[in-house]
Every structure is written in structure tokens, then in C-alpha cells.
1. Tell me which label goes with the value of Cα extents along the principal axes in Å computed from the coordinates here: (i) 57, 42, 19; (ii) 42, 41, 28; (iii) 42, 37, 32.
2. If each residue of separation counts as 0.36 nm, what is the full-extension length gain between SER15 and ASN76 once their alpha-carbon separation is subtracted?
3. If we count chymotrypsin sites (Phe, Trp or Tyr not before Pro) as exposed when they sit in a DSSP loop and have at most 14 other beta carbons within 10 Å, what is the longest stretch of the chain that avoids them all?
4. Which of the helices in the chain meet the span-like rule: DSSP H, Cα axial reach of 27 Å or more, Kyte-Doolittle mean at least 0.0?
5. For n ≥ 4 DSSP H runs only, could you compute -39500 (n - 2.57) per run for the chain, divide by its residues and tell me the 222 nm figure to the nearest 500?
Amino acid sequence: MIGKLCGLERAYQDSTPEIRYQMRQEKAKPVLEKLRHWLDKTLPAVPLTTLLGKALNYLHKYWSRLTIYLEDGRLNIDNNIAENAIRPFVIGRKSWLFSDTPRGAHASAKVYSVIELAIHKNDKTLNWE
């Protein structure tokens, strides 16, 4: 069901927020209702100590955060933009251990900031105005 939701988002990614909102109400909302029904039925039957139980409990706990994207066509179903933005820093943090001086570390941070800004300045999904 999650794959179906992501497929809908991919199919409408170039649409206006208004069209995405309509699609979500007509197509995504019924999928989420089906998923919620399955979750409510399955969660009590699965021990919380199992991996599936932990996953279902997580889904139940954060359900409102998962479904908030239905309310606005400008919202994304996931946080991939933020995850991709911090990836270079996560990957580079071990390299920073080898900065010889605080000035070198600050210089590296400035270079990373400029590079990230240049990369994301061309990202059409972000509003730079």
C-alpha cells in the first residue's frame, strides 16, 4: 500500500499543488483508509516485541504525521529533500575528524555550505524566492 501511495506521488509530481490535492483526496485517501483498517486489525494480534510489532506500533504512533500530506498539495509524502540535503555532511563527518585546526574545520564548513547552496539553488522543488 505504501508503494501504491509513492507511485501516485511519482505520477503526479509535476502537477500543480491543486491537482495533487485532488488526486490525494480521490486516490490516496482511500489507500490510506485501507491501510489504517489493516493496521487497526493487525496491531493487537502482533506482539510488540517482534520487528513487525515495532513497525506497526511506529506506524500507529506517527499516523497523523503520515497523513498530514493529504491536507496540502504542496507537501511531500516523505522527507527525502531534507535527507538528501544532509547526506554530504553525514558522509563527510568522519573526514572532518582529520581537520588539523579549528580554522581548517571552519573553512571546510564554509566550502560545504557554498557547494550545498549551489546544488540546491537549481532544485526546482525548493522555493528560493
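1. Matching entry in (i) 57, 42, 19; (ii) 42, 41, 28; (iii) 42, 37, 32: (i).
2. On the way: separation 61, 0.36 × 61 = 21.96 nm, distance 1.25 nm.
Full-extension gain reported as 20.7 nm.
3. Working: sites that count: TYR62, PHE98, TRP128.
Counting at most 14 other Cβ atoms within 10 Å as exposed, the longest clean stretch of the chain is 1-61.
4. Working: long enough: 102-121 (28 Å, 0.06).
Within the chain the helices that satisfy the rule are 102-121.
5. Working: 7 runs with 84 residues, N = 129.
Result for the chain: -20000 deg cm²/dmol, rounded to the nearest 500.
Any read-out appearing in this document is the output of simple, stated calculations on the displayed coordinates, not a laboratory observation. All values reported here derive from a predicted model rather than from experimental measurement. Heads up, the Cβs are rebuilt from the backbone with ideal geometry, glycines too, and the neighbour counts pull from every protein chain shown.
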